[in-house]
1. Near the amide H of residue 61, under 5 Å away, which other amide H atoms are found, from residues 5 or more places off or on another chain, if H is placed in the peptide plane?
2. Using the Karplus curve 6.51 cos²θ - 1.76 cosθ + 1.60 with θ = phi - 60°, work out ³J(HN,Hα) for each residue of region 34-45 in order, rounded to whole Hz, and write x for Gly and Pro.
3. Amide H neighbours of residue 30 under 5 Å, at least 5 residues apart or on other chains, H built in the peptide plane: list them.
Amino acid sequence: MGVNPEKGAGEETGKKLMIQFICPKCKRDLAWAYETASVYCRPCDRWVTAEQLKDINPAKIDPNQDQLLLFE
């Protein structure tokens, strides 16, 4: 599993939020990473981006807090 962060997420709101990456093809839980990251799913041999997850999982987390944000 690889994570490829590009730049800070949540720049519009000033927060850097992490989202749960789940492969849209095999539904495996891949990682919690910033919204701008691309996460690799080895079983499917594909990169997963946040754009592919919009309808799958709205959960987000602020890495500076312990609370999970289900809706923003």
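Any read-out appearing in this document is the output of simple, stated calculations on the displayed coordinates, not a laboratory observation. What you see is a predicted model; the values in this text were computed from it and never measured.
1. Those qualifying (amide H under 5 Å, at least 5 residues apart or on another chain) are 18, 19, 69.
2. Here the 3J(HN,Hα) series is 5, 4, 8, 7, 10, 10, 8, 9, 5, x, 8, 6 Hz.
3. 21, 22, 23
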